[in-house]
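Structure, as structure tokens:
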Amino acid sequence: MMQNTHGIILIDKPANISSAQVVSRLKSILKAKKAGHAGTLDPFATGLMICCVNRATRLARFFLSGNKTYEAVLQLGVETDTQDFTGRTLASHEVPALTGEKIAAQFETFEGTFQQVPPVYSALKHKGLPLYAYARKGTPVQKPARQIVISKIHLREISLPLIRFEVSCSAGTYVRTLCADIGRAFGCGGHLKELRRLKSSGFTVEDAVTLEALEKSKDRGDLKQHVIPLATSLKDMAEWRADPFLKEKILNGVPLNMQDVSPASPAASDDLIKIIDDHKELLAVLEYKKERQQYDYCCVFN
């Protein structure tokens with residue numbers, strides 16, 4: 001069916017299914033040789049998943065580092081060991097009388113650059129195993145804090161003890177940890193009750209398709225309408241069109257410098273650039289190294 005199709009498919013993940021199960025169903029629908037995703041969602045979470053098909057699996061790392069936007073519901077007054085509603089209750093507290101102004105002011109203090117401690121119930125690895133495996137055995141492993149950026153928090157609805165909000169953040173941000181931290185700031189604790197990913201790496205959930213709709217598309221024979229080609233999928237990456245000479249050098253793995261790609265190549269910092277051919281097919285992704293004034297190959301598509 002789609003064995004030789006390479007690209008990105010945006011899936012609107014339903015609740016109560018793991019990210020791995022989404023990929024498994026997608027692979028089955030497409031009859032694809034390879035498939036993967038660029039950023040997991042907890043089983044209870046819904047929303048945008050960037051799924052990579054066949055050769056596009058080599059591009060997954062470029063989406064993992066992209067910014068994300070979520071819609072979340074914080075429930076105040078209850079703390080859990082997983083920082084979400086699936087966990088065991090650790091403590092319950094009375095929710096104080098909070099005005100909308102006070103809530104908004106507290107949320108604003110969480111905008112900016114912070115050090116966030118990853119939850120012990122997470123898919124981060126320790127000695128080859130995810131942290132949640134240790135936590136479930138009663139031997140939790142705490143990873144050190146990591147820098148995150150919360151660029152914007154927007155309150156959507158307040159109906160205490162529930163607060164619905166939208167947050168735009170850097171990759172690696174745990175929204176359930178954010179909820180737990182906000183709950184502590186209010187003095188009553190809290191946990192994540194709902195989570196939906198709205199945006200990731202420039203894509204939006206409005207452009208995504210459900211697995212059920214994908215099945216129907218398969219029956220109609222128009223699956224390809226949902227596939228974003230390799231070159232177009234890297235929408236925020238600088239682009240350079242290769243002439244036949246440059247294409248030959250790339251396909252033979254010849255080291256490239258600034259003059260090979262562009263006289264206006266990025267020189268201020270290390271940057272990624274995608275190389276396309278005359279047919280707008282992706283040839284390679286390169287990373288410019290300022291200290292050597294040379295490009296390193298990230299991946300090449302022959």
(message) Can you give the FRET efficiency to the nearest 0.05 for R88 and Q115, using r as the Cβ-Cβ distance and R₀ = 25 Å?
(response) 0.40
(message) I'd like the antiparallel share, as a percent to the nearest 5, of DSSP beta bridges with both residues in the chain.
(response) 90
(request) May I ask you to sort T177, T139 by Cβ crowding, counting other Cβ atoms within 10 Å and putting the fewest first? (result) T139, T177
(request) May I ask which of K33/K235; K13/K274; K218/K280; K125/K193; K34/K218; K224/K280 have a Cα-Cα span longer than 22 Å here? (result) K33/K235; K13/K274; K218/K280; K125/K193
(request) Quick one: which residues, 5+ away or cross-chain, put their amide H under 5 Å from the amide H of G189? H built at 1.01 Å from N. (result) G77, R184
(message) Springs between alpha-carbon pairs under 10 angstrom, Gaussian network model over the chain: which of H126, H37, H191 fluctuates most?
(response) H126
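Bear in mind these aren't lab numbers, they're just calculated from the coordinates by the rules spelled out. Quick caveat: nothing in here was measured; it's all calculated off a predicted structure. Cβ atoms come from the backbone with ideal geometry, glycine included; neighbour counts cover every protein chain shown.
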